[in-house]
């Protein structure tokens, strides 16, 4: 069990470019979550899926952020027209009703 | 407003001392969960506790749901316990976690 896998670990994009972050949840886990962590805001919930269906995206900035889960083995978080304030560590987590397991995150830097 | 508040923000201990971390939440929570994070490291789940007291190793989690508070007790702290401890709540009907800002623990020899 390799745990939740996130790629890439680090990503640098220019302002206005698009960034796509990938997450492979633990096999068999039905819930997949995306969070964002910054020093100023701490850990913020973005969105989550259950059995691949979007359940709650109340934390997503609606205009430029989107998340998908096309199959049970991966989810993507896409940020269009990235801005410096999008710089953060983006964390993916998965769960099977009990404990929540986090990946190591993708550090996004927008320059 | 802040739904989950943790105190203290930081704590410095000598090796062998006990630590008491507090967590208060502003709305009805189904359960509290405690996580640990090293600088630059991933979040590791420590304990999940809807109410009452749970133990694992040197950790004891106590949750008093009616009073909207919880605590994490670390006994006989070790240098390797240094890091940030985060409290998170989930609310009935939603699996999403709302996190506090964390307590940064530093244990020195």
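Counting only residues that are assigned to a loop (DSSP other than H, G, I, E, B), at pLDDT below 95 and closer than 17 Å to residue B:34 by Cα, the range B:68-93 holds 2 of them. Count of the range A:46-66 residues, restricted to those that are more than 19 Å from residue B:97 (Cβ to Cβ) and touching a strand residue (DSSP E or B) at 6+ places or on another chain (Cβ under 7 Å), is 3. Only residues that are over 18 Å from residue A:103 (Cα atoms) and either touching a strand residue (DSSP E or B) at 6+ places or on another chain (Cβ under 8 Å) or in a strand (DSSP E or B) (or both) were counted across the range A:74-84, and they come to 5.
Yes/no per residue for (1) without any contact (Cβ under 8 Å) to a residue 40 or more places away in the chain; (2) within 14 Å of chain A (Cβ to nearest Cβ); (3) closer than 18 Å to residue B:9 by Cβ; (4) assigned to a strand (DSSP E or B):
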{"position": "B:24", "(1), (2), (3), (4)": "no, no, yes, yes"}
{"position": "B:34", "(1), (2), (3), (4)": "no, yes, yes, yes"}
{"position": "B:40", "(1), (2), (3), (4)": "yes, yes, no, no"}
{"position": "B:53", "(1), (2), (3), (4)": "yes, no, no, yes"}
{"position": "B:63", "(1), (2), (3), (4)": "yes, no, no, yes"}
{"position": "B:66", "(1), (2), (3), (4)": "yes, no, no, no"}
{"position": "B:106", "(1), (2), (3), (4)": "no, no, yes, yes"}
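Within the range A:40-73, the set of residues being part of a strand (DSSP E or B) and within 12 Å of another protein chain (Cβ to nearest Cβ) comprises A:42, A:43, A:44, A:45, A:46, A:47, A:48, A:49, A:50, A:55, A:56. Kindly indicate whether residue A:11 is part of a strand (DSSP E or B), more than 9 Å from chain B (Cβ to nearest Cβ) and either in contact (Cβ under 8 Å) with a residue 24 or more places away in the chain or more than 29 Å from residue B:30 (Cβ to Cβ) (or both). Yes, satisfied. Starting from residues that are facing another protein chain (nearest Cβ under 10 Å) and exposed (fewer than 13 other Cβ atoms within 10 Å of the Cβ), keep the ones in the range A:74-98 and report whichever is farthest from residue A:54 (Cα to Cα). Per the stated criteria, the residue is A:98.
The values are calculated or read from the model by the stated rules, or taken from the named source; none is laboratory data. Small disclaimer: the values here were computed from a predicted structure and weren't measured. When we count neighbours, we look across all protein chains shown, and the Cβ atoms used for this are built from the backbone with ideal geometry, even at glycine.
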